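The values are calculated or read from the model by the stated rules, or taken from the named source; none is laboratory data. Computed from a predicted model, the values in this text were never measured in an experiment. Neighbour counts are summed over all protein chains in view; Cβ atoms, including those assigned to glycine, are modelled from backbone coordinates with ideal geometry. Each accessible area value is taken on the protein alone, full model and side chains, heavy atoms only, with ligands, DNA and RNA left out. Shrake-Rupley method; radii C 1.70, N 1.55, O 1.52, S 1.80 Å.
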Amino acid sequence: AQRIITEFRVTLKMEYEISHQLLPLYNYVYDRLVEANLKSDVTKVDEAKAIITELRDAWAQAMVKARKEKGQQANGA
């Protein structure tokens, strides 16, 4: 999980505003995972998982909305 979050962090394109918002979130999640490993604390893993799950769900909703808008633009053209 730490490697995945690290990959998310290093592949952010900082020229986009959303990247400046995601980086602190990824850093926080990474820190929770490290702490979970150091202390064998499952609650920290659960916290990290909840954050990433919520983020995944938000991206999924954004993709659905973008597809709908793209379809409406294609039909209106």
>> What do you get for GluC sites (Glu not before Pro) in segment 1-51 restricted to DSSP loop and a cutoff of at most 10 other Cβ within 10 Å of the site's Cβ?
In response: 15
>> If I fit a long axis through the Cα atoms of helix 42-76 and take the longest principal axis of the Cα atoms of the chain, what angle between them do I get, 0 to 90°, rounded to 10?
In response: 10
>> Tell me the angle of helix 17-39 to the major Cα principal axis of the chain, expressed in degrees between 0 and 90 and rounded to the nearest ten.
In response: 30
>> At 1.4 Å probe size, what's the solvent-accessible area of residue 22? Round to the nearest 10 Å².
In response: 20
> How large is the accessible surface per residue of segment 1-50, computed with a 1.4 Å probe and reported in Å² as a whole number?
Replying inline: 73
> At what distance in nm do the modelled label points of residue 20 and residue 2 sit from each other, each positioned 7 Å from its Cα along Cα→Cβ?
Replying inline: 3.0
> So what does log10 I(q)/I(0) come out to for the chain at q = 0.11, 0.20, 0.22, 0.23 Å⁻¹, using the Debye formula with one equal point on every Cα and no solvent?
Replying inline: -0.39, -0.90, -1.00, -1.04
